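Student: Quick one: the structure is below, and I'll ask about it shortly.
The values are calculated or read from the model by the stated rules, or taken from the named source; none is laboratory data. A quick note: this is a predicted structure, and the numbers were derived from the prediction, not measured. Cβ placement follows ideal geometry from the backbone for every residue including glycine, while neighbour counts extend to all protein chains displayed. Keep in mind that these areas ignore ligands, DNA and RNA; they rest on the heavy atoms of the full protein, side chains included. Shrake-Rupley method; radii C 1.70, N 1.55, O 1.52, S 1.80 Å.
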Amino acid sequence: MSPHQVKNNYDLVIVGAGAAGLSAALGFLRTFDTATAGREPDVLVISKLQSLRSHTGSAEGGIAASLGNVEKDDWHWHYYDTVKGGDYLVDQDMARILARDAPRTVIELEHDGVVFSRLENGRIAQRLFGGHTADFGKASIHRTAYAADRIGHQILHSLWQQCVAENVEFAEEWYVTDLDVERDSTGAAACHGLVVLDTHTGRTHAIRASHVILATGGAGRLFHTTSNSWDLTGDGMALVLRAGLDLEDSEFIQFHPTGLAHTGILLSEAARGEGGVLRNSEGEAFMARYAPGHADLAARDVVTRSIYSEIEAGRGVADPMDPDGPKDCVWLDLTAVGRETLETKIPEVYSTIRTYAGIDAATDWVPVKPTAHYTMGGIPIDQDGRVYEYASGERRFVTGLYAAGECSCGSVHGANRLGANSLLDACLFGHRAGVAVARRTMDAAGSVATGAAATTKAGNDALARLLERRNEIIDSLLPRSPQTSDTPRTTGVSQDVTAANQETNGRASAGSGDNADNPYAVMARLGSVMERNCAVHCSAESIAHARAAIDSSIAPAAERLTAHSATRSFNQELTAILETRNLVTVARTVLAASDARKESRGSLKRDDYPERDDEHFLRHSHVTAAGDVTWEPVTIVDFAPQARTY
């Protein structure tokens with residue numbers, strides 16, 4: 001669906017319609033008081049997908065909260081586990097909020113229609129998950145609320161239905177290309193709106209907004225083997241980088257231990273929570289050696305590195321579908337779980353294995369290999385989702401710009417996210433961002449110095465220039481054709497602007513004439529380079545190799561790309577080119593941050609700096625598109641850094 005007409009100014013534009021974006025919309029609308037503001041709010045949710053295809057729908061395992069429905073639990077324990085799981089790079093003031101407000105978040109989701117699995121006494125069921133413990137690191141605890149292994153589907157559909165009930169306006173299959181971030185004479189930044197491409201009509205729109213919330217998801221497509229859907233191309237992160245802002249802790253990318261061999265498809269941690277065991281080629285349950293206290297339910301980075309250690313020691317196994325191939329997998333043994341539990345508690349895992357590997361997990365072991373899963377770093381935010389840049393030892397907030405979910409970094413995950421904390425982060429901090437914007441909007445009601453009036457005055461000319469520049473870029477990506485069309489290509493800041501647009505419904509040849517340089521091939525080459533050089537472990541040498549490959553080959557190829565069809569409407573290749581360039585931008589930032597952090601911590605394992613270095617690197621990296629790095633201290637409140645063992 002698309003808006004019937006783009007308005008002159010919105011109180012709030014949300015980019016992304018997953019759990020974070022939808023939670024932000026509901027938080028805003030349920031807080032906004034029309035009596036106080038004297039009017040109805042103007043809100044628009046933009047998604048490059050149909051909303052119900054957002055990646056949230058693929059989340060399987062659950063959402064963490066200290067409900068205590070199976071055994072006694074305490075949010076302080078959850079808080080401690082989150083800090084320890086993040087290898088002490090977690091900002092503890094943020095983690096306190098995450099753990100403290102988790103039970104309320106889950107209960108609110110239930111009230112919004114999420115159908116959780118139930119215990120016999122009727123309470124929400126909870127399962128074991130890696131890194132979640134009782135009594136500050138002792139025995140594993142049942143903390144993860146779940147809906148079989150389809151929790152993301154439940155949350156996405158329930159939040160979307162609530163947004164429909166609130167009459168939220170959606171612009172689906174619209175692709176945001178630019179943020180209008182301007183600086184005043186003091187260097188302070190403010191966001192006044194954005195430029196967006198309607199992929200249905202091919203028109204670009206300049207949209208003014210008093211507030212923008214980015215909720216665009218992660219960047220898993222940086223790697224060849226990933227559990228992420230094809231749309232997770234780091235768009236929100238690239239938007240802020242191109243706008244002159246920075247990313248925080250972008251070097252920390254989590255590889256989930258159990259991707260189905262050579263497909264990258266995620267086999268949820270719930271499989272191990274229900275009793276699944278990892279085994280090497282000798283049949284040994286090897287995690288008992290690496291994490292004696294928690295074995296297969298240690299934190300994800302610990303399990304992933306243990307798998308790699310077994311493979312490098314010669315105890316890996318080949319994928320049965322490629323028996324003569326490399327022995328770069330281990331076994332996931334689910335046979336003791338039992339067919340009934342597989343069918344009722346983790347049916348998606350069970351059916352995925354049967355469909356894509358041809359294996360009955362009730363009777364046979366399953367080959368698994370770590371797969372890129374989650375970006376811990378991202379757009380720096382505070383507890384209300386406000387985006388900031390860090391310079392000269394202080395945070396400088398970007399007026400009007402907010403972020404939530406995987407594209408953001410509130411540093412609740414630090415260097416390694418605990419399983420089941422991602423949905424919690426998205427729903428909880430998405431809601432908080434929406435509430436914060438609603439309150440700010442109401443506070444600004446009637447003021448001529450803030451809100452819509454200020455946005456119009458400060459952002460109108462810059463937004464028009466962004467729109468013009470974006471149309472020039474899009475035109476340069478389309479092949480020349482003698483045919484023209486009277487279809488409008490732009491919607492200006494205040495009115496439609498029509499212009500002749502050279503396009504045709506026929507197929508034209510790409511400007512480069514090189515079939516190998518289509519966007520999907522370039523993405524694949526980037527994914528292979530990143531996976532060879534920066535997946536699970538890296539070194540100065542491997543980072544330099546990746547940077548050289550990007551600079552000499554991949555980035556120039558991305559810049560040469562042109563579309564094969566000259567039409568603007570429904571031109572999927574056009575958006576794929578823009579996504580490819582976004583991935584290149586984010587990849588360079590990831591590599592710059594990885595190179596700057598000369599230690600091993602959480603998901604980042606430096607072969608040349610194998611130890612954690614709290615003296616020099618108990619700090620957050622902030623990296624610009626130019627590769628400039630600054631460092632921000634970690635906020636420590638209750639838990640001093642200590643050795644991290646499981």
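Student: Can you pull a Stokes-Einstein diffusion coefficient for region 106-213 at 37 °C (0.692 mPa s), Rh from Kirkwood over Cα pairs, as a whole number of µm²/s?
Tutor: Values: Rh = 18.2 Å.
Roughly 181 µm²/s, to the nearest whole number.
Student: Determine Rg/Rh for region 16-75; Rg is computed over alpha-carbon atoms and Rh is the Kirkwood hydrodynamic estimate from the same atoms.
Tutor: Numbers: Rg = 16.8 Å, Rh = 14.6 Å.
Value, to two decimals: 1.15.
Student: Beyond 40 Å, what share of the Cα-Cα pairs of the chain is found? Please give it as a whole percent. The partial results should precede the final answer.
Tutor: On the way: 53926 of 208335 pairs.
Distances greater than 40 Å cover 26 percent of the Cα pairs.
Student: Quick one: pull the percent of accessible area on region 13-171 belonging to carbon and sulfur, 1.4 Å probe, ligands and nucleic acids left out. Each step should come with its number before you reach the end.
Tutor: Values: 2530 of 5500 Å².
Percent of accessible area from carbon and sulfur atoms in region 13-171: 46.
Student: Still on this structure, please answer the following. Mind checking the per residue accessible area of the chain for me, 1.4 Å probe, whole number of Å²?
Tutor: Working: 23750 Å² over 646 residues.
Using a 1.4 Å probe on heavy atoms only, each residue of the chain averages 37 Å².
Student: What whole number of Å gives the distance from the Cα centroid of region 343-420 to the Cα centroid of region 575-620?
Tutor: 16
Student: Cross-link partners among lysines for residue 7, C-alpha distance below 26 Å, same-chain residues fewer than 8 apart left out?
Tutor: Within the straight-line cut-off, residue 7 pairs with 48, 457.
Student: Quick one: Debye curve from the C-alpha atoms of region 238-292, no solvent, what's log10 I(q)/I(0) at q = 0.15, 0.20, 0.21, 0.25 Å⁻¹?
Tutor: Log10 I(q)/I(0), no solvent term: -0.66, -0.88, -0.93, -1.11.
Student: Right, here's the next one. Above 14 Å lies some portion of the pair distances; for region 172-236, what is it as a whole percent of all C-alpha pairs? The partial results should precede the final answer.
Tutor: Working: 1378 of 2080 pairs.
I get 66 percent for the Cα pairs in region 172-236 exceeding 14 Å.
Student: Still on this structure: Counting only the heavy atoms of the protein chains, how much of residue 581 is accessible to a 1.4 Å probe, in Å² to the nearest 10?
Tutor: Accessible surface of residue 581 is approximately 50 Å².
Student: Round to the nearest 10 and give me the degree value, 0 to 90, for the angle of helix 347-357's Cα axis relative to the longest principal axis of the chain.
Tutor: The angle comes out at about 90 degrees.
Student: If you don't mind, there's one more thing I want to ask. Can you send over the solvent-accessible area of residue 631, 1.4 Å probe, protein chains only, in Å² to the nearest 10?
Tutor: Surface accessible to solvent at residue 631 totals approximately 60 Å².
Student: Return an integer: the convex hull volume of the alpha-carbon atoms of region 512-586, in Å³ per residue. Don't skip to the end; give the middle numbers.
Tutor: Numbers: hull volume 6.2 nm³, N = 75.
Considering the Cα atoms of region 512-586, their hull volume per residue is 82 Å³.
Student: Rounded to the nearest 10 Å², what accessible area does residue 262 have for a 1.4 Å probe in the complete protein model?
Tutor: Counting only protein heavy atoms, the figure is 90 Å².
Student: Just how many % of Cα pairs in region 547-646 lie over 24 Å apart, if you round to the nearest whole percent?
Tutor: Values: 2194 of 4950 pairs.
Taking all Cα-Cα pairs of region 547-646, the fraction more than 24 Å apart is 44 percent.
Student: Could you rank the peptides 42-53, 134-145 by their average count of other C-beta atoms within 10 Å per residue, with the highest value first?
Tutor: On the way: 42-53: 21.5, 134-145: 19.4.
The most tightly packed comes first, giving 42-53, 134-145.
Student: While we're on this one: Can you tell me the order of 584-592, 283-291 when each peptide is scored by its average per-residue count of other Cβ atoms within 10 angstrom, highest first? Display every interim value, and only then the final one.
Tutor: Details: 584-592: 24.4, 283-291: 17.0.
Top to bottom by mean Cβ count within 10 Å: 584-592, 283-291.
Student: For region 194-296, evaluate the Debye formula with one uniform point scatterer on each Cα (no solvent term) and list log10 I(q)/I(0) at q = 0.14, 0.19 Å⁻¹, rounded to two decimals.
Tutor: Here the Debye-derived log intensity ratios amount to -0.78, -1.09.
Student: Would you mind estimating how fast region 1-155 diffuses translationally, via Stokes-Einstein at 10 °C and 1.306 mPa s with the Kirkwood radius over Cα pairs, in µm²/s? Let's see the in-between values first.
Tutor: Working: Rh = 17.6 Å.
The calculation lands on 90 µm²/s.
Student: List the lysines whose Cα sits under 26 Å from the Cα of residue 327, skipping any in the same chain fewer than 8 residues away.
Tutor: 369, 605
Student: Follow-up. At 25 °C and a viscosity of 0.890 mPa s, what translational diffusion coefficient does Stokes-Einstein give for region 216-375, taking Rh as the Kirkwood radius over Cα pairs? Give it in µm²/s as a whole number. Write down the numbers at each step before the final one.
Tutor: Numbers: Rh = 16.5 Å.
Stokes-Einstein gives a translational diffusion coefficient of 149 µm²/s.
Student: Any chance you could check the Cα centroid distance between region 623-641 and region 72-93 for me, in angstrom?
Tutor: Between the Cα centres of region 623-641 and region 72-93 lies a distance of 18 Å.
Student: Mind checking the full-extension length gain between residue 473 and residue 322? Use 0.36 nm per residue of separation minus the Cα-Cα distance, one decimal, nm. Let's see the in-between values first.
Tutor: Numbers: separation 151, 0.36 × 151 = 54.36 nm, distance 4.39 nm.
Residue separation times 0.36 nm, minus the Cα-Cα distance, leaves 50.0 nm.
Student: Could you give the semi-axes, largest first, of the ellipsoid that matches region 122-173, computed as the square roots of 5 times the alpha carbon gyration tensor eigenvalues and rounded to whole Å?
Tutor: Details: eigenvalues 226, 29, 20 Å².
The three semi-axes for region 122-173 are 34, 12, 10 Å.
Student: Moving to a separate point now. Regarding region 361-404, what is the average projected area of its C-alpha convex hull, in nm²?
Tutor: 5.9
Student: Test of the criteria: in region 364-401, which chymotrypsin sites (Phe, Trp or Tyr not before Pro) are in a DSSP loop and have at most 15 other Cβ atoms within 10 angstrom of their Cβ?
Tutor: Working: sites: 365, 374, 388, 390, 397; in loops: 365.
When the chymotrypsin sites (Phe, Trp or Tyr not before Pro) of region 364-401 are filtered for loop state and at most 15 Cβ neighbours within 10 Å, nothing remains.
Student: Probe radius 1.4 Å, ligands and nucleic acids left out: which of 278, 128 has the largest accessible area, and how do the rest follow?
Tutor: If we order 278, 128 from most to least accessible, we get 128, 278.
Student: Compute the orientation-averaged projected area for region 155-209 from the convex hull of its Cα atoms and round it to one decimal in nm².
Tutor: Values: hull surface 22.3 nm².
Seen from a random direction, the Cα hull of region 155-209 projects 5.6 nm² on average.
Student: How would you rank 238-249, 8-19, highest first, on the average number of other Cβ atoms within 10 Å across their residues? If you can, show how the numbers build up before the last one.
Tutor: On the way: 238-249: 23.8, 8-19: 27.1.
Averaged packing, sorted descending, gives the order 8-19, 238-249.
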